[in-house]
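Okay, structure first, notes after.
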Amino acid sequence: MSYTEIDAHLVAPKRFVTLSHLNQVEQADYPGLQESTSLSMPDLSKILRDLEERGLVEISKERRSRYGATLVWLTPEGKQTFKSLLATLNRIAGR
């Protein structure tokens, strides 16, 4: 067992809680993510942009009546990556 097995980038608290929330829902909007993670809007935007660049989330901007909504969801790769990360953490923790 080695610390090199863990993707330190993804276990950073802000990224980890964002991935955790997205893993539990089909999709989320920014206000819902902000409420569930307690992250500021700038932090959330930065994290989601980073996760999108890594191919772990997809982001879509949609129009709802007069207002726009930004929806976020895990990609299949994002789901697999998070599942693998959890399995690694549990294995290292002895579970």
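The values are calculated or read from the model by the stated rules, or taken from the named source; none is laboratory data. As the structure is a prediction and not an experimental result, all values here were calculated from the model. Note that we place each Cβ from the backbone using ideal geometry, even for glycine, and neighbour counts take in every protein chain shown.
The rows are residues; the columns are (1) assigned to a helix (DSSP H, G or I); (2) in contact (Cβ under 8 Å) with a residue 40 or more places away in the chain; (3) closer than 21 Å to residue 24 by Cα.
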residue: 55; (1), (2), (3): no, no, yes
residue: 63; (1), (2), (3): no, no, no
residue: 68; (1), (2), (3): no, no, no
residue: 78; (1), (2), (3): yes, yes, yes
residue: 86; (1), (2), (3): yes, no, yes
Collect the residues in segment 21-44 that are out of contact with any His (no Cβ under 9 Å at 6 or more places or on another chain), more than 17 Å from residue 62 (Cβ to Cβ) and free of Cβ contacts under 8 Å to residues at least 40 places away in the same chain, keeping them in residue-number order. 21, 24, 34, 35, 38, 39, 40, 41, 42, 43, 44
Just to be sure, is residue 69 of a type in the set (Gly, Ala, Ser) and within 26 Å of residue 93 (Cα to Cα)? no
Within segment 75-84, can one find any residue that is more than 13 Å from the chain's Cα centre (by Cα), at negative phi and of a type in the set (D, E, K, R)? no
Given the residues 70, 81, which is the only one that is under 20 Å from residue 11 (Cβ atoms) and either hydrophobic (A, V, I, L, M, F, W, C) or out of contact with any Gly (no Cβ under 6 Å at 6 or more places or on another chain) (or both)? 81
Quick one: is residue 51 surrounded by 12 or more Cβ atoms within 10 Å (Cβ to Cβ) and modelled with pLDDT under 95? no
Filter segment 16-35 down to residues that are in a helix (DSSP H, G or I), modelled with pLDDT of 95 or more and either hydroxyl-bearing (Ser, Thr, Tyr) or closer than 15 Å to residue 75 by Cα (or both), then give me how many there are. 7
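Which residue is nearest to the chain's Cα centre (by Cα), if the candidates are limited to segment 58-67 and must be loosely packed, with under 12 Cβ neighbours inside 10 Å and of a type outside the set (D, E, K, R)? Before you say what the answer is, go through the steps one by one.
Quick first cut of segment 58-67, residues loosely packed, with under 12 Cβ neighbours inside 10 Å only: 60-67.
Still in the list and also of a type outside the set (D, E, K, R): 60, 65, 67.
Numbers: 60: 15, 65: 27, 67: 24 Å.
Going through the qualifying residues, I end up with 60.
Matching residues to (1) surrounded by 14 or more Cβ atoms within 10 Å (Cβ to Cβ); (2) in contact with an Asp or Glu (Cβ under 8 Å, 6 or more places away or on another chain):
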residue	(1), (2)
13	no, no
24	no, no
31	no, no
39	yes, no
56	yes, yes
70	yes, yes
75	yes, yes
80	no, no
